[in-house]
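This report concerns only the one structure given below.
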Amino acid sequence: MKTGNRVIKAATGRSDRRTRKSFLRSMEEAAARAAVTATVTFAVGLVLKKMFVKSVADAAQEGAKSGVSDGLSRPA
């Protein structure tokens, strides 16, 4: 008996062709869902990172502007 068949029999308790096809289909579906989940998670993380970098850059620019304006308005 092949290793794959032994694994399927251990997981399902049966080793007929129909059970094997059903088990493999469910494994393929689980793998596809995992790939979609990983892709979406990566994309969301990338968007959040870009938003954070932009937010920090905007805050730094505003801080620099207020520092310059405070420096100009104060007498030396």
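The numbers here are math on the coordinates, done by the rules we state, and not lab data. Please read all numbers here as calculations on a predicted model, not as lab measurements. Ideal geometry is used to build each Cβ from the backbone, glycine not excepted, and the neighbour counts take in all protein chains shown.
Worth a mention:
- With R₀ set to 35 Å, the beta-carbon distance separating SER22 from LEU46 gives a calculated FRET efficiency near 0.45.
- Seen against the Cα atoms of the chain and their longest principal axis, helix 3-12 is set at about 90 degrees.
- Electrostatic bookkeeping for LYS2 treats Lys and Arg as +1 and Asp and Glu as -1; over the other residues with beta carbon under 14 Å from its beta carbon, the sum is +4.
- Here Kirkwood radius over Cα pairs in Å was calculated from the structure, and among (1) 13.8; (2) 13.5; (3) 17.6 it sits at label (3).
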